[in-house]
Amino acid sequence: MNNTQIAIFAGGCFWCTEPVFSQLRGVQKVVSGYIGGHTLNPTYKEICNGDTGHAEAIEITFDADQVSFETLLEIFFVSHDPTTPNRQGNDVGTQYRSAVFCQNGTQREQTEKMIAKLNEARIFNAPIVTEVNGPERFWPAEDYHQYYFDKNPNQPYCLAVAAPKAAKIRAKYSSMIKDFTQDA
């Protein structure tokens with residue numbers, strides 16, 4: 001039985017968010033791309049200046065029988081800073097905002113509930129500013145952005161930012177990490 005669903009998260013640079021989720025059991029595919037803007041078929045060059053309104057995001061195809069949306073959402077909040085508007089580390093601009101693009105009412109309800117729970121527990125030093133949006137058109141990024149970290153593990157940005165994020169999730173959620181010798 002296959003319970004395939006989609007989750008779309010924007011949590012900063014997609015080079016950093018893709019490796020966090022692609023290593024998880026139940027995640028079938030992660031596509032880097034753009035969402036939430038006002039131009040058709042945006043390019044990386046166009047969104048970099050922040051004028052198109054798009055966020056860098058990832059579209060996660062997952063088997064909900066193996067990993068729940070709520071678990072992916074928890075990992076999303078653990079893997080980035082949801083308290084900084086339009087910024088993740090040194091990446092600044094609307095394209096780096098924190099956002100969830102809910103595909104249905106259940107995802108919206110779970111997202112709003114988790115944000116309230118995290119804020120109430122004061123998990124972060126400031127209130128969560130993550131946008132909670134409905135479904136919007138997702139535009140896949142150019143081919144060279146897809147699985148960028150896997151293809152460029154020694155690139156300085158990947159070493160400094162993406163690798164530590166992926167390692168943090170491997171350590172915290174070790175039981176959820178794919179065994180690539182068996183899952184390949």
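Filtering the stretch 78-99 to residues that are buried (at least 20 other Cβ atoms within 10 Å of the Cβ) and within 16 Å of ALA166 (Cβ to Cβ) leaves SER79, HIS80, GLN88.
Here the strands (runs of 3 or more DSSP E) wholly within the stretch 52-134 that include at least 3 residues being of a type outside the set (Asp, Glu), in contact (Cβ under 8 Å) with a residue 40 or more places away in the chain and within 28 Å of ASN41 (Cα to Cα) are 55-63, 98-101. Modelled with pLDDT of 95 or more, under 13 Å from ILE8 (Cβ atoms) and of a type outside the set (Lys, Arg) - does that describe any residue in the stretch 64-71? Yes, that holds for at least one residue. Is it the case that LEU73 is out of contact with any Cys (no Cβ under 7 Å at 6 or more places or on another chain), more than 19 Å from GLU136 (Cβ to Cβ), crowded, with 16+ Cβ neighbours inside 10 Å and among the aliphatic types (A, V, I, L, M)? The answer is no for LEU73.
If the condition is being on the phi > 0 side of the Ramachandran plot and either surrounded by 12 or more Cβ atoms within 10 Å (Cβ to Cβ) or of a type in the set (Phe, Trp, Tyr) (or both), then the stretch 100-150 contributes only TYR147. Do we find a residue being at pLDDT below 95, at positive phi and assigned to a loop (DSSP other than H, G, I, E, B) anywhere in the stretch 12-33? Taking every residue of the stretch 12-33 in turn, at least one turns out to be at pLDDT below 95, at positive phi and assigned to a loop (DSSP other than H, G, I, E, B).
Residue check: TYR157 meets all listed conditions (1) outside any helix (DSSP H, G or I); (2) at pLDDT below 95 but one, namely (1).
The values are calculated or read from the model by the stated rules, or taken from the named source; none is laboratory data. Nothing here was measured: the structure is a model prediction, and the numbers come from that model. Please note: Cβ atoms are built from the backbone with ideal geometry, for glycine as well, and neighbour counts cover all protein chains shown.
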